[in-house]
Number of protein chains: 2
Amino acid sequence: MARYQRLAELLAERIEQGLYRYGEKLPSVRSLSQEHGVSISTVQQAYQTLETRQLITPQPRSGYFVAPRKVQPPVPPMSRPVQRPVEITQWDQVIDMLKGHKDKEIIPFSSGAPDIQQPSLQPLWRELKRLVQHNLDEILGYDALTGRVELREQLARLMLDGGSVVSAEDIIITSGSQSGLSLALLAVCRPGDIIAIESPTYYGTMQLLRSLGFKVIEIPTDPETGMSVEALELALAQWPIKGIITVPNCNNPLGFIMPDARKRALLALAQSHDIVIFEDDVYGELATDYPRPRTIHSWDIDGRVMLCSSFTKTVAPGLRVGWIVPGRYHDRFLQMKYAMVGSNVPVTQLAAASFIKDGHYHRHIRRMRQIYQRNMEIYTCWVREYFPEGICITRPKGGFMLWVELPEQVDMVCVAQQLCRLKIQVAPGSLFSASGKYRNCVRINCALPPNEKHQAVMEKLGNAVKVAME
Amino acid sequence: MARYQRLAELLAERIEQGLYRYGEKLPSVRSLSQEHGVSISTVQQAYQTLETRQLITPQPRSGYFVAPRKVQPPVPPMSRPVQRPVEITQWDQVIDMLKGHKDKEIIPFSSGAPDIQQPSLQPLWRELKRLVQHNLDEILGYDALTGRVELREQLARLMLDGGSVVSAEDIIITSGSQSGLSLALLAVCRPGDIIAIESPTYYGTMQLLRSLGFKVIEIPTDPETGMSVEALELALAQWPIKGIITVPNCNNPLGFIMPDARKRALLALAQSHDIVIFEDDVYGELATDYPRPRTIHSWDIDGRVMLCSSFTKTVAPGLRVGWIVPGRYHDRFLQMKYAMVGSNVPVTQLAAASFIKDGHYHRHIRRMRQIYQRNMEIYTCWVREYFPEGICITRPKGGFMLWVELPEQVDMVCVAQQLCRLKIQVAPGSLFSASGKYRNCVRINCALPPNEKHQAVMEKLGNAVKVAME
């Protein structure tokens, strides 16, 4: 945590504890700088952070004051999906939504795209240029089916941060995490099998399961601690579930990080029922707290966890570089990859490998963690400001997604259609459910920089929701 | 056809007709130049071509003489696979072979890789550099699910050469032709369905069908005219076949171009049985004769032909740029693509688009057609020289693959294992059959430049075959 962040936390605590009260003037920048032995600019940054969080307000020429206390909306309750396997019913909406993303005039609050405008990406750029200039043969030829060894070596090192000890030989490169998950499902399961998933679940995963003809059972999921292991256990006792798909770290769309004890309990259940866990770690590196959370895979002793990830959210989607550690299913996965897609683009793999090796990746991730955290705080304030009373909102521990639950009577599918006419796209919650639940929820992509344009959009969104309540 | 090629053809014809006889001295370069009104160097090139084809031999200081007439081995007969649906049995060999390809010491006669060392690829290179320098945002972001419109527009123009009239909207970009075919199969058929294929069929297609749980029926296929429409008709009458996979132009591995009448008959059969044709055109642009042959798709009136292709064989595998025209299955294909893989790498698509638009693609293809044709002639001579009597060999009409049928008793699977120890990899024919037929056949990749090293390898291969006959 940076110095200014520590100071901000300290001050926030004092306000929370009532040491500084509503309306009271806060110490001057200079005196705080002397008190804590930090620079003027550190104090200024800390105050700006608190202002962003709407804890304090500036008064021109007289300093900062404690802001009127706003009640933070509660976290949504644990989800309660139907406890039996269902066919997935959502389909066309998603494709329609994706078509819209390429229309440059549309503001894609519904998308899962990260922020790719940061200067910390420039070294990646330089590396791509260098490769194109000097490594002709390697870039034009067929890549190895497993992917570039230079990249796999770097990934093996990266994965230590999540507690996973693997070697380059254990990793297979894929073109993104979705491709890894789809091949893993094809390699290990069969159409008609029942897969347990979190509820809500990312719509891309839902579409994948649907298109391959799987049935799903949606497991109750807590927005702060993840999939209910108790509910999963009951489901496992009742149905012939073949696998579990989970995003335990910086979950999409809920933002939780599953506590370690719960991760281990989930793994123990998978072991006792001898089923596979598909762990999607695509947002795991974007956890607000450092060091990053452990993967379920890190406790896996018999290779039953297939860990998928990619650079799509952490670096850039256009690289199409993902990877999987298929564990005991390594050969089956490789055969499926050969049959279905073959090898991947070499040039973006090589660029990513150098980006990590030269230390640029870690610098970039550090930056993005802070940016997304700040973005989510600002978006949360806007939701509080523009949305009606009676909502719930998640407290993401990383990633860049907010999940807002609106009063029961709000139909976000209708609201989304209205907003579409204003060239604003939002993802209604029903996309994240196999059975069309969560129509009164919405996911907001906070990677879009919190500028005036996006503030205005949030205001329109809030207004549309208010109208829908009437 | 270049001037020297026309002259070479004329002279070859005269030798064939006996106008110049074995041992006879051919006209001097100067006199031939005067007779035909062409330059000295044109005549020299023509003579070199004939020398390569072993029709003439040079005698130092005295000119060229008609070479002893070697009998061209016959074309292999039509294949006779079992006429019932079978499960595919070949598997591990292919993955093992692919692993070997990345060992730099191994000579990969078994691979399907094209020649990517030609200077006509340099403009592609320049374009990649330019893109990386100037189009940051477009390259890092998510691509549209259908792929870059700049590329699709160029592809629509290209496809006119094969007689297919489509617009950019009809085309979807894939990461290679294999990925297109796999998604097409998933979108249109179901595991357990029976698919009709040529016999032999490219091993990648075979693995794909196997890994998705399809049954196949191998249709007798003529090495000069392609899949037997009569045999297909009988099979269709007897079995509930759901689709046909065919490579009608510059077939891999047989090199035939299906005559137009036969293509139309195949399409008519598909229409009358209301089934889908998966047409793989990945080698179609590499037909020796210009203009290139028509696609089956070009006669399709009800969108039942799903035409897949890619730049893997024509430009460079490392681009991972392929495409499909899914016809009436457009939306189903797009949904399957979204669910299984998502979007593709933008930078290689944009580079390919400019490569075509600026005319470099056509120049490159013209060059590669000539190079591959010459290569195949040289490799054919080497086979004739180093292999035993009693073999059959294909007369490819394009692409860069030769298929050699050896006497019955030769087991190429064993020979391939022996050669493996010498760091030489060849593809035994059994890889191209669902039921392990063609153990006495071998496919040779003539994209490997016909230099002394590769000549020596061909000699070793020939010797190994001779030993296997004893």
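Descriptive notes on the structure:
- Scope region A:86-128; condition at the interface with another protein chain (Cβ under 8 Å from one of its Cβ atoms) and at pLDDT below 90; matching residues: A:91, A:94, A:95, A:98, A:99, A:101, A:102, A:111, A:125
- Single unsatisfied condition, residue A:391 versus (1) touching a residue at least 60 places away in the same chain (Cβ under 8 Å); (2) within 14 Å of chain B (Cβ to nearest Cβ); (3) within 24 Å of the chain's Cα centre (by Cα): (2)
- Residue A:268 being without any contact (Cβ under 8 Å) to a residue 12 or more places away in the chain and in the same structural domain as residue A:231 (by the TED database): yes
- Selection status of residue B:201, farther than 25 Å from residue B:331 by Cα, within 14 Å of chain A (Cβ to nearest Cβ) and at pLDDT 95 or above: yes
- Filtering region A:407-418 to residues that are touching a strand residue (DSSP E or B) at 6+ places or on another chain (Cβ under 7 Å), crowded, with 21+ Cβ neighbours inside 10 Å and not small (Gly, Ala, Ser) leaves only A:412.
- Residue B:187 in a helix (DSSP H, G or I), closer than 30 Å to residue B:81 by Cα and within 9 Å of another protein chain (Cβ to nearest Cβ): yes
- Every test in (1) of a type outside the set (D, E, K, R); (2) within 30 Å of residue A:108 (Cα to Cα); (3) more than 9 Å from chain A (Cβ to nearest Cβ) is passed by residue B:142 save one, and that test is (3).
- Total residues in region A:352-375 satisfying the condition of being aliphatic (A, V, I, L, M) and modelled with pLDDT under 95: the figure is 1.
- From A:53, A:6, residue being surrounded by 16 or more Cβ atoms within 10 Å (Cβ to Cβ), out of contact with any Lys or Arg (no Cβ under 8 Å at 6 or more places or on another chain) and of a type in the set (D, E, K, R): A:53
- Within region B:366-393, the set of residues being touching a helix residue (DSSP H, G or I) at 6+ places or on another chain (Cβ under 9 Å) and closer than 27 Å to residue B:96 by Cβ comprises B:379, B:382, B:383, B:386, B:387, B:391, B:393.
- Looking only at region A:308-363, and only at residues there that are over 23 Å from the mean Cα position of the chain (by Cα), within 11 Å of chain B (Cβ to nearest Cβ) and not in a helix (DSSP H, G or I), the one that is nearest to residue B:94 (Cα to Cα): A:342
- Which numbered condition residue B:297 fails, given (1) outside any helix (DSSP H, G or I); (2) crowded, with 23+ Cβ neighbours inside 10 Å; (3) more than 10 Å from chain A (Cβ to nearest Cβ): (1)
- 2 or more residues of a type outside the set (S, T, N, Q) and over 23 Å from residue A:308 (Cβ atoms): qualifying helices (runs of 4 or more DSSP H) within region A:62-163: A:92-101, A:122-134, A:136-140
- Sole residue being touching a helix residue (DSSP H, G or I) at 6+ places or on another chain (Cβ under 8 Å), assigned by the TED database to the domain that holds residue B:155 and buried (at least 21 other Cβ atoms within 10 Å of the Cβ), chosen from B:324, B:257: B:324
- Being surrounded by fewer than 18 Cβ atoms within 10 Å (Cβ to Cβ), of a type in the set (Gly, Ala, Ser) and out of contact with any strand residue (DSSP E or B) (no Cβ under 9 Å at 6 or more places or on another chain) is a property that holds for residue A:41.
- Qualifying residue in region A:174-183 (condition: buried (at least 23 other Cβ atoms within 10 Å of the Cβ), more than 7 Å from chain B (Cβ to nearest Cβ) and of a type in the set (Val, Ile, Thr)): yes
- Residue check for residue A:215: more than 14 Å from chain B (Cβ to nearest Cβ), more than 24 Å from residue B:346 (Cβ to Cβ), in contact with a Leu (Cβ under 9 Å, 6 or more places away or on another chain) and not hydroxyl-bearing (Ser, Thr, Tyr): yes
- Of all residues making up region B:126-161, the number that are free of Cβ contacts under 8 Å to residues at least 12 places away in the same chain and acidic (Asp, Glu): 1
- Checked against the criteria, residue A:387 counts as touching a Gly at 6+ places or on another chain (Cβ under 6 Å), on the phi < 0 side of the Ramachandran plot, of a type in the set (A, V, I, L, M, F, W, C) and not assigned by the TED database to the domain that holds residue A:283.
- Sole exception among (1) closer than 27 Å to residue B:302 by Cα; (2) buried (at least 24 other Cβ atoms within 10 Å of the Cβ) for residue B:335, by number: (2)
- When residues of region A:209-239 are limited to those that are surrounded by fewer than 19 Cβ atoms within 10 Å (Cβ to Cβ) and more than 22 Å from the chain's Cα centre (by Cα), the one farthest from residue B:185 (Cα to Cα): A:230
The values are calculated or read from the model by the stated rules, or taken from the named source; none is laboratory data. If you're wondering where the values come from, they're calculated on a predicted model, not measured in any experiment. All Cβ positions, glycine included, derive from the backbone under ideal geometry; neighbour counts span all protein chains shown.
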